[in-house]
Amino acid sequence: MFNKIFTIFFPFLIRTVLIKKIGIEYAGLNSLFSSILQVLNLTELGFASAVVYSMYKPIAEDDKDTICALLNFYKRVYFIIGLVILALGTAVMPFLPHLIKGNIPQDINIYVLYSIYLVNTSLSYLLFGYKNSLLNAHQRRDVISNILTITQGLMNICQLLILVTIKNYYLYVLMMPIFTVLNNVMVGIETKRMFPEYSCKGKLDISVKKDIRKKVAGLMISKLAQTSRNSFDSIFISAFLGLAMTAIYSNYMLVFTSLTGIINIITNSMQAGVGNFIQTESKEKNYELLKKLALLYA
């Protein structure tokens, strides 16, 4: 909850300073490039959720060999996803001018700027991204939140100082990949400290891989639905109405996503507990839990 309040307040503050100090079009570029990369994140296809779910049973049974094999598999797949996003993102570059209607800020090279955003997204997969799965599966999202509070807080302070003093948008954006690397390294170190018994080794049984593929196929539909609903809007607004209108729209969306994000804290916090319950209790008890949760959500 502390992390969520923290990450709601600072983006509001930074976005206000960004618009006031260097212009609303820069906020529009931020929204456009973020939306493009959210679409490219479709290559993940819900794979992370499927792997975390597959960890619940071996964790409940203390099957360390399977957990290590899952980590090894997850690491390889995440590395491939990072490279695919890098390749697809590069292929999108020639089309960038067609996604922006009207004027682009004079001092901005959109290809250089977009490249920084692209590298930032790729690094989140290429550098220890798979380590989050262990913390999620063990119901320790608080550790992820604490590290994120530290790294995002430092990043936001640096960005505010840049906007207020030198007003250099390139340097402002460059803070993102720098602190993404710092965040992932800190998560990697903390995961190693908390779970020294796990390492990336071993091979998964074919049956486990088939089960993961089956879950990914189902999650893919949900991922497609979420992306089409939440990510294409800024791209279309930018292409047809311009960067200023994209920024205005994103300002209102920031309010909406901040409120829903607070509700998501409850969902995310209980997810691993529900996963463990599914693996250790009968279908009848699981159905009773489902009905209770459905009532609470309603």
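The values are calculated or read from the model by the stated rules, or taken from the named source; none is laboratory data. Fair warning: this is a prediction, and the values are worked out from it, not measured in the lab. All Cβ positions, glycine included, derive from the backbone under ideal geometry; neighbour counts span all protein chains shown.
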Practice task
Could you check, for region 244-253, whether at least one of its residues is out of contact with any strand residue (DSSP E or B) (no Cβ under 6 Å at 6 or more places or on another chain), among the polar types (S, T, N, Q), exposed (fewer than 13 other Cβ atoms within 10 Å of the Cβ) and touching a residue at least 40 places away in the same chain (Cβ under 8 Å)?
Solution key: no
Exercise for the section: Could you tell me whether any residue of region 12-32 is at pLDDT below 90, within 30 Å of A225 (Cβ to Cβ), surrounded by fewer than 17 Cβ atoms within 10 Å (Cβ to Cβ) and not hydroxyl-bearing (S, T, Y)? Expected result: yes
Practice task
Mind counting the residues in region 96-116 that are in a helix (DSSP H, G or I) and in contact with a Ser or Thr (Cβ under 7 Å, 6 or more places away or on another chain)?
Solution key: 1
Exercise for the section: May I ask you to verify whether I80 is in contact (Cβ under 8 Å) with a residue 24 or more places away in the chain and either surrounded by fewer than 17 Cβ atoms within 10 Å (Cβ to Cβ) or at negative phi (or both)? Expected result: no
Completion exercise
Of those in region 147-186 that are among the hydroxyl-bearing types (S, T, Y) and out of contact with any Ser or Thr (no Cβ under 7 Å at 6 or more places or on another chain), the residue farthest from N109 (Cα to Cα) is T149
Handout entry: Residue count, region 79-120 (criterion: at pLDDT below 90 and under 20 Å from Y170 (Cα atoms))
Key = 6
Exercise for the section: Determine whether S207 is at pLDDT 80 or above and either loosely packed, with under 12 Cβ neighbours inside 10 Å or among the aromatic types (F, W, Y) (or both). Expected result: yes
Fill in the blank from the handout: F73 meets each of (1) over 20 Å from V216 (Cβ atoms); (2) buried (at least 16 other Cβ atoms within 10 Å of the Cβ) with one exception, condition (1)
Exercise for the section: Determine whether K192 is out of contact with any Lys or Arg (no Cβ under 7 Å at 6 or more places or on another chain) and not in a helix (DSSP H, G or I). Expected result: no
Handout entry: Leading residue by the ranking (modelled with the highest pLDDT) among those in region 36-77 that are under 30 Å from T90 (Cα atoms) and outside any helix (DSSP H, G or I)
Key = G46
Exercise for the section: Determine if region 83-94 includes at least one residue that is outside any helix (DSSP H, G or I), more than 27 Å from F240 (Cβ to Cβ), touching a residue at least 12 places away in the same chain (Cβ under 8 Å) and within 20 Å of the chain's Cα centre (by Cα). Expected result: no
Fill in the blank from the handout: The one condition A217 fails out of (1) part of a helix (DSSP H, G or I); (2) surrounded by 12 or more Cβ atoms within 10 Å (Cβ to Cβ); (3) modelled with pLDDT of 80 or more is (3)
Problem - Cross-chain or 6+ apart pairs with Cβ under 9 Å, region 198-224 first and free of Cβ contacts under 8 Å to residues at least 40 places away in the same chain, then outside any helix (DSSP H, G or I) and among the aliphatic types (A, V, I, L, M) - result: A217/L45
Handout entry: Failed condition for N286, given (1) in contact (Cβ under 8 Å) with a residue 60 or more places away in the chain; (2) touching a helix residue (DSSP H, G or I) at 6+ places or on another chain (Cβ under 6 Å); (3) not acidic (D, E)
Key = (1)
Completion exercise
Residue count, region 42-64, condition more than 22 Å from M270 (Cβ to Cβ), touching a residue at least 12 places away in the same chain (Cβ under 8 Å) and surrounded by fewer than 17 Cβ atoms within 10 Å (Cβ to Cβ), comes to 1
Exercise for the section: Evaluate the following for M245: is it in a helix (DSSP H, G or I), aliphatic (A, V, I, L, M), at pLDDT 85 or above and farther than 24 Å from E44 by Cβ? Expected result: yes
